[in-house]
Amino acid sequence: DYYDGLTLSEILRHHTRTREPLPLQLALRFLQDAARGIHAAHELRTPDGRHLGLVHRDVSPQNSLVGFDGAVRVMDFGIAKAAGFGERTSTGILKGKIGYMAPEQLRFLGVDRRADLFSLGVVLYELLSAERLYASRGDQDGPKRILYEPPPDIADARDDCPPELVELLFSLLSKEPDERPATAQIVADTLERILADLVADEGVDGLAAFMRA
């Protein structure tokens, strides 16, 4: 379907050029909607009730569309894979944007929904910092950093991130799938709690009005 809006990558490019940080509430709303969409995909079932075990495998700012109505939709499921359905991925071929891939994906290990949660963590960090997290600057150092570099502390990039948000990002960017949240719904629920506290302190920062501007 045609959907009128901008990708998160376009919004990020704008804020990088203007050097204005993305408002905290809006960044969290973007991610909350994306997490809900990813969770819906992860929970998809066949008409006879069989769980698909769908993994997007290419969650990124380019594949997250923010509508002028203020809603966020995750798109481009072209390389999504359902467990036990269809053909196997060709051995030794990475599909997707490498700077957003989970460590287990880079190692060609089996992936489940938690790989998409790592990607969500990279997107969230970039929304908050307005900088690429794992861009390759030479000798493909982006993938090496994903595999071996400790997760960054978002509090070093901006000082308005509450502790629960810092903790969430550390867990999302963990090298070990078992240390990440179990589902994208847990991520969305955590962001909802953080947002509720921010709104209580600051009032509502309107997403639709931001998009129109």
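Structure values in brief
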item	result
Of all residues in the stretch 176-213 being among the basic types (K, R) and surrounded by fewer than 18 Cβ atoms within 10 Å (Cβ to Cβ), the one that is modelled with the lowest pLDDT	R212
Some residue of the stretch 52-69 being modelled with pLDDT under 90 and open to solvent by 20 Å² or more (accessible area, probe 1.4 Å)	yes
Residue match in the stretch 137-144 (condition: modelled with pLDDT under 95, of a type outside the set (K, R), assigned to a loop (DSSP other than H, G, I, E, B) and touching a Leu at 6+ places or on another chain (Cβ under 6 Å))	no
Cβ-Cβ under 6 Å pairs, at least 6 apart or on other chains, the stretch 10-27 side closer than 26 Å to E164 by Cα, far side open to solvent by less than 10 Å² (accessible area, probe 1.4 Å) and part of a loop (DSSP other than H, G, I, E, B)	H15/L22
Flag if L8 is open to solvent by less than 40 Å² (accessible area, probe 1.4 Å), over 14 Å from the mean Cα position of the chain (by Cα) and modelled with pLDDT of 90 or more	no
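The values are calculated or read from the model by the stated rules, or taken from the named source; none is laboratory data. No experiment lies behind these values; they were computed from the predicted model shown. So basically every Cβ, Gly included, is an ideal-geometry build from the backbone, and we count neighbours across all protein chains shown. Ligands, DNA and RNA are excluded from the accessible area calculation, which covers all protein heavy atoms including side chains. Shrake-Rupley method; radii C 1.70, N 1.55, O 1.52, S 1.80 Å.
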